[in-house]
Amino acid sequence: MTRIAGKTAVITGATSGIGRAIAIDLARRGLTVVAVGRREDRLDATVERCRRSSPASRAVVADVSKRSECNQVTAEAARHLGQIDMLINNAGVGLHRNVSDTSVEEIEHIIQTNFLGAVYMTSAVLEPMLERGHGHIVNITSVAGHLPLPGEAAYCASKAALSAWTQSLSLELAGSGVHVGELSPGPIDTEIWRKADAQYPGRLYPPRVIAAAVVKMIEKKITYMTVPRRFGAPGAFYPLLARPMRWGVRTFSTSGPRSQP
């Protein structure tokens, strides 16, 4: 089992929700945390909590949709703290809008943040990890990447891309000493899910369950987890369910709504 105390971890999207919970939990376990996010006031609040357990933890304000800022994050972390042992790519944004009402620019922003942001950050830390022969990269995807949802096409696509990229990277790096894992959360009590609460009447789980899962993934070098576990089943069975689910569903056409055959 991998010992994580004393390591340095970079967590993106650490201003609230899952990222904040992961940062605070890792600091409590003895890691030095580099918390990354766009909202400086919330980021400072996260790091203040982290420093109660890990005084060297620090905040770096950055927008991961911009490659140059991702490079600045890793450069600053390395300059002040030495090597980066772990990268948790968590930053993400949602839209909650039908495709016909969504601009290409809005879709680009979601892809750049949710998918390319993780690619930029990973690219910035990967070479040093490979040179050392050890490191951990955990990408936070979503069950939405495996289970299409109405009004969430751009978000689902971004998470599906991140999922496929993560799994391929994990295969490529097998035996290198660099562990890559995908953590796919179900409905978690975060800003993204609260904005879509009218569409989801079920239980929202606390972000701490994801923080605990991240630690488990790293310690045991797990490559894939769905949390809570039962939310992995719908995505796996979706291809079998999709056709009967569409029977009777009304779809859009230029001549008006019609029934899907």
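Here are the numbers for the structure shown:
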{"item": "Selection count where residues are in contact (Cβ under 8 Å) with a residue 40 or more places away in the chain and of a type in the set (Ser, Thr, Tyr), scope the stretch 32-69", "result": "2"}
{"item": "Some residue of the stretch 54-70 being within 18 Å of the chain's Cα centre (by Cα), modelled with pLDDT under 95 and over 24 Å from THR223 (Cβ atoms)", "result": "no"}
{"item": "Selected residue (only one of SER170, SER142, SER184 is in contact (Cβ under 8 Å) with a residue 24 or more places away in the chain and farther than 20 Å from PRO228 by Cβ)", "result": "SER170"}
{"item": "Members of the stretch 130-181 that are in a helix (DSSP H, G or I) and farther than 23 Å from ILE110 by Cβ", "result": "LEU130, GLU131, ARG132, SER170, LEU171, GLU172"}
{"item": "ILE88 vs. criteria within 20 Å of the chain's Cα centre (by Cα), over 24 Å from ALA212 (Cβ atoms) and either modelled with pLDDT of 95 or more or surrounded by 16 or more Cβ atoms within 10 Å (Cβ to Cβ) (or both)", "result": "no"}
{"item": "Some residue of the stretch 118-129 being closer than 20 Å to THR223 by Cα and not in a helix (DSSP H, G or I)", "result": "no"}
{"item": "Residue, surrounded by the fewest Cβ atoms within 10 Å (Cβ to Cβ), within the stretch 30-73, restricted to residues that are part of a helix (DSSP H, G or I) and touching a strand residue (DSSP E or B) at 6+ places or on another chain (Cβ under 7 Å)", "result": "GLU40"}
{"item": "The stretch 1-29, subset under 21 Å from ILE110 (Cα atoms) and touching an Asp or Glu at 6+ places or on another chain (Cβ under 8 Å), residue surrounded by the most Cβ atoms within 10 Å (Cβ to Cβ)", "result": "GLY17"}
{"item": "Selection within the stretch 140-188 - under 19 Å from ASN98 (Cβ atoms), surrounded by fewer than 17 Cβ atoms within 10 Å (Cβ to Cβ) and of a type in the set (A, V, I, L, M)", "result": "LEU149"}
{"item": "Flag if LEU126 is among the hydrophobic types (A, V, I, L, M, F, W, C), out of contact with any helix residue (DSSP H, G or I) (no Cβ under 8 Å at 6 or more places or on another chain) and loosely packed, with under 15 Cβ neighbours inside 10 Å", "result": "no"}
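The values are calculated or read from the model by the stated rules, or taken from the named source; none is laboratory data. Everything numeric in this text was worked out from a predicted model, so none of it was measured. No Cβ is skipped: glycine too gets one built from the backbone with ideal geometry, and neighbour counts run over all protein chains shown.
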